[in-house]
Structures are given as structure tokens and as C-alpha cells.
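Heads up, the thing below is written out as C-alpha cells.
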Amino acid sequence: MHTKEKTSNVVIRFIIAIVIAAYVLFPFFIVLVNSFKVSNDITSNPIGFNGASFPQLIQNLKDVITNTHFLFWQAFGYSALITVLSLVLLALFGSMAAWVICRNKTVWSNVIYFTFIASMIIPFQVVMLPLISTFRDVGKFIGIPMLQSVPGIVFAYLGFGGAMTVFILVGFIKGIPYDLEEAASIDGCTPEQVFFKVIFPLLTPVITTVTILNGMWIWNDYLLPSMMLGQNGAVKTLPVAVQAFVGSYVKQWNLILTAALLAIVPMIILFLIAQKQIMEGMIEGAVKG
């Protein structure tokens, strides 16, 4: 009797897992299938295989990559540049901030830490209009354009991604014995040397996790780049550049979905390669925190 109940529980969990997986993967299925079609077949039956063919996929890919309005390689380059710069700064400054917060047991450290946490619950829609006006004014004040520029949007991602990065890293650093830092200090290391030679190498698993999570968000983000970079500026990320196929009266759905497929494939490959590191980093951060 106990064996039957255990088997039935396993079957129920398996069915639930399949349903959740199908729900999550359905949008990707729509993008993938319709990349093999022409626009008319997509509008007539978006979830079917009618008209889908491999030669049409090749043609769609050629049309997307060679389109003079989309500028695939330029958008790809800007997306890669913005993502890499943002991730490097988030990993560096986030780990520094988390270490200082953990090791300085003061009221101000707690205030700063809880300020980071509080910022995670503020919806982006609340701050997006003040953000644009503030960046415009700051750009005029310092003489460097903060809108429609790579430095501006990287700085914005540093602010929006810093909260989660610090939150995860603080939980991990709490599990690192303080004796290691004391020993390094006794050996003559400065605080900077203690951080970069002792602490930072130990943070590799959790930094890998937050880097991949932030990377998927930054690479696929549409709202912030569309507001800060604009639709007509020279700097465009891939999600923003897809708008080139959306006209007032005609929408080239085959090219829109093929461009979306090209944009998400790098992140899918990265996730499949690094999913083990993601889970290990999350588990270690949770256990040590």
C-alpha cells in the first residue's frame, strides 16, 4: 500500500513538472516554429506547422542578417558590449560592497544593506520617468550624454542589478571564516590585497551564478534600452532593433520572430553550458547565508 502511494505521488509530480515545463517553453516553441514560416502562414495558424520548412528558415535568417534597417551585427555588438561591461562592473563593485557590508558591523552597514534589499521591491515603472529626467540632467551637468549612450545604460544596469548581486553575495560571504582575512592581515596584506587575493577567488561560484542571471536579464531586456537608447538612436540592442520590422500597417512576423530567435539563442546556449554552476552557486549561497 505504501509503495502504491509513493508511486502515485511520483506520477503526480511528474505530470505537474511536464505541465509547468510546457507552460514555460510554449513561448519559445512559438518563436521557433514560426521562424520556419512566411508571414501569411504565421497569421493564419501561429501554433501549427503549416508552411514550415527549413529553406524558409534559411531565407528568414538571410533577410534578418542583411536587412539595412535592422543592422544585426551592429545591434549584436552593442548588446554584447553593454552586457559584458555591466556584468564586469556588477561583479566587481557588488562583491566589494557585499564584503564591506559583511565585515563592518555598524549601524550604517545595516542601513545600506537593507536599502539594497528595499530597492528590490520597487517596481521599475515607478522610477522609469524620474530615471530618464535625472539621467538627462546629470548628462548635461557632467558634459557626458547619459541617454542614447553605452556609459549611461551600463550605469543604469549597475544600479538596477546591484541589489540582487549584493543580496546573494552577502549571504555567501557570511559563510567565509574571518580567520582567513586575519591571517592575511598578519602576513602584511592591505585590505585591498585581502579582498583580491583571499576573498574574491572564494567568490567564484556565486559570482558565476549572479553573472549568468544578470546576463540573461540584461541581454534580453527591452524596456530600459528602449527608454534610454530610444528607437532612432545610433546605439541599439537586439531587442530594440527588432522594432525595425514593425511598421504602422505591416508587421513582418517571420522576420520579427527570426530576429527574436537569433537574440535568445546565445543566452540559451550559455544557460545550458553553465546551468550546473548556477545551481551550485545558488545552493552554496543559500546554505552559507
(request) Exactly one condition in (1) hydrophobic (A, V, I, L, M, F, W, C); (2) within 15 Å of Lys236 (Cα to Cα); (3) at pLDDT below 90 is not met by Leu81; state its number. (result) (3)
(request) Among residues belonging to region 38-47 that are assigned to a loop (DSSP other than H, G, I, E, B) and in contact with a helix residue (DSSP H, G or I) (Cβ under 8 Å, 6 or more places away or on another chain), point out the one that is farthest from Gln252 (Cα to Cα). (result) Ile47
(request) Kindly check whether there is at least one residue in region 5-27 that is closer than 30 Å to Pro201 by Cβ and either not in a loop (DSSP other than H, G, I, E, B) or not assigned by TED's automatic domain parsing to the domain that holds Ile256 (or both). (result) no
(message) Checking Leu61 against (1) closer than 28 Å to Asp221 by Cα; (2) assigned to a helix (DSSP H, G or I); (3) outside the structural domain of Pro239 (by TED's automatic domain parsing); (4) without any contact (Cβ under 8 Å) to a residue 40 or more places away in the chain: exactly one of these is not met. Which one?
(response) (4)
(message) Return the residues of region 113-132 that are surrounded by fewer than 10 Cβ atoms within 10 Å (Cβ to Cβ) and either part of a helix (DSSP H, G or I) or acidic (Asp, Glu) (or both); say none if nothing qualifies.
(response) Gln125, Val126, Pro130
(request) Take region 240-255 and flag every residue that is touching a residue at least 40 places away in the same chain (Cβ under 8 Å) and part of a helix (DSSP H, G or I). (result) Val240, Ala241, Val242, Ala244, Phe245, Trp253, Asn254, Leu255
(request) Would you point out the residue of region 235-255, among those that are over 22 Å from the mean Cα position of the chain (by Cα) and buried (at least 17 other Cβ atoms within 10 Å of the Cβ), that is farthest from Gly175 (Cα to Cα)? (result) Gln252
(request) Specify the residue that is farthest from the chain's Cα centre (by Cα); the eligible residues are those in region 72-89 that are closer than 17 Å to Met228 by Cα and buried (at least 18 other Cβ atoms within 10 Å of the Cβ). (result) Ala75
(request) Would you check if Leu147 is touching a residue at least 60 places away in the same chain (Cβ under 8 Å) and under 24 Å from the mean Cα position of the chain (by Cα)? (result) yes
(request) Would you check if there is a residue in region 6-13 being at pLDDT 85 or above and of a type outside the set (Gly, Ala, Ser)? (result) yes
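Taking the residues in region 167-186 that are surrounded by fewer than 16 Cβ atoms within 10 Å (Cβ to Cβ) and free of Cβ contacts under 8 Å to residues at least 40 places away in the same chain as candidates, determine which candidate is nearest to Phe271 (Cα to Cα).
Pro177
Return yes or no: is Thr258 under 25 Å from the mean Cα position of the chain (by Cα), under 19 Å from Leu158 (Cα atoms) and part of a helix (DSSP H, G or I)? First the steps, then the outcome.
On the way: under 25 Å from the mean Cα position of the chain (by Cα): yes; under 19 Å from Leu158 (Cα atoms): no; part of a helix (DSSP H, G or I): yes.
No.
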(request) Scan region 98-112 for residues that are part of a helix (DSSP H, G or I) and not polar (S, T, N, Q) and jot them down. (result) Ala98, Trp99, Val100, Ile101, Cys102, Arg103, Val107, Trp108, Val111, Ile112
(message) Regarding region 127-138, can at least one residue be identified that is of a type in the set (Lys, Arg) and in contact (Cβ under 8 Å) with a residue 40 or more places away in the chain?
(response) no
(request) Kindly indicate whether any position in region 91-104 is at pLDDT below 90, within 29 Å of Trp219 (Cβ to Cβ), surrounded by fewer than 13 Cβ atoms within 10 Å (Cβ to Cβ) and among the polar types (S, T, N, Q). (result) no
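The values are calculated or read from the model by the stated rules, or taken from the named source; none is laboratory data. Since the model is a prediction, treat every value here as computed from it, not as a measurement. Glycine gets a Cβ as well: all are built from the backbone with ideal geometry, and neighbour counts include every protein chain shown.
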